[in-house]
Amino acid sequence: MSGASIHASAVKVGERAVLIRGPSGAGKSRLAFDLILAGRSGQLPNAVLVGDDRVRLDTVGRELCVRPVAELAGLIEIRGLGIRRMDFVAEAPVGLVIDLAAGDAERLPPAEARQISISGVLLPRIPVAEGFSPLPLVVAALTTTDSSSPGNLPDHCQKGIGNHIRFNIATE
């Protein structure tokens, strides 16, 4: 099955892929490599390249799956070193979309900006402003819960603000 090829990078973190989109030069390859390094250092579960620069998207059942473009499989651009070869996976279901240099990025984005429908599949999304480091946002999204979630009620907090950070890798 070969789906639409798009200009993006993807890294499988745990069981799901982080799809990284943005204009040329926005830092897609850099974020992909940073996620892989975060996996190696234990900040995130194991993180493996799916594809860099161009990937293919397909819907499989009710999921959006990402695959590398065959001619770029296992290759990633590392600024200052050039094109490098590394381990990769052939497919992963997308669990999070990162839009770099996003025009709608805000300090406290509204709920509608934090999700996107791609090929009929609704996915969580993080819009990242130009010049803002995306890695801390992605790590936070994958390892914390929303302060308004039912498990983070203010009565569980001595200060009454319900902002406990809980370890919760977003793989389901």
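May I ask you to compute the full-extension gain from Ala129 to Ala90, defined as 0.36 nm times their residue separation minus their alpha-carbon distance, rounded to one decimal in nm?
That works out to 11.0 nm of additional length.
Name the GluC sites (Glu not before Pro) in segment 21-111 that are in a loop by DSSP and that have at most 11 other C-beta atoms within 10 Å, would you?
Counting only loop positions with at most 11 other Cβ atoms within 10 Å, the GluC sites (Glu not before Pro) in segment 21-111 are Glu106.
Could you tell me the center-to-center distance, by alpha carbons, between segment 82-136 and segment 6-47 in angstrom?
9 Å
Please list the non-local residues whose amide H lies under 5 Å from the amide H of Leu64, H modeled 1.01 Å from N, same-chain partners needing a gap of 5 or more.
Val94
Set the Förster radius R0 to 25 Å, insert the Cβ-Cβ distance between Ile83 and Thr145 as r into 1/(1 + (r/R0)^6), and round the FRET efficiency to 0.05.
0.10
Could you give the length gained on full extension between Leu37 and Leu108, defined as 0.36 nm per residue of separation minus the Cα-Cα distance, in nm?
Residue separation times 0.36 nm, minus the Cα-Cα distance, leaves 22.8 nm.
Can you tell me how much longer the chain between Ala73 and Ser119 gets when fully stretched, taken as 0.36 nm per residue apart minus their C-alpha distance, in nm with one decimal?
Extending this stretch completely gives an extra 14.3 nm.
Got a sec? Charge dipole of segment 4-132, +1 on Cβ for Lys and Arg, -1 for Asp and Glu; which of Gly14, Gly39, Gly95 is way out at the positive end?
Gly39
Counting only residues 5 or more places away or on other chains, whose amide H sits under 5 Å from the amide H of Ile116 once H atoms are built in the peptide plane?
Correct list: Leu123, Arg125.
Each value in this text was obtained by applying a stated rule to the coordinates, not by laboratory testing. No experiment lies behind these values; they were computed from the predicted model shown. We place every Cβ from the backbone using ideal geometry, glycine too, and count neighbours over all the protein chains shown.
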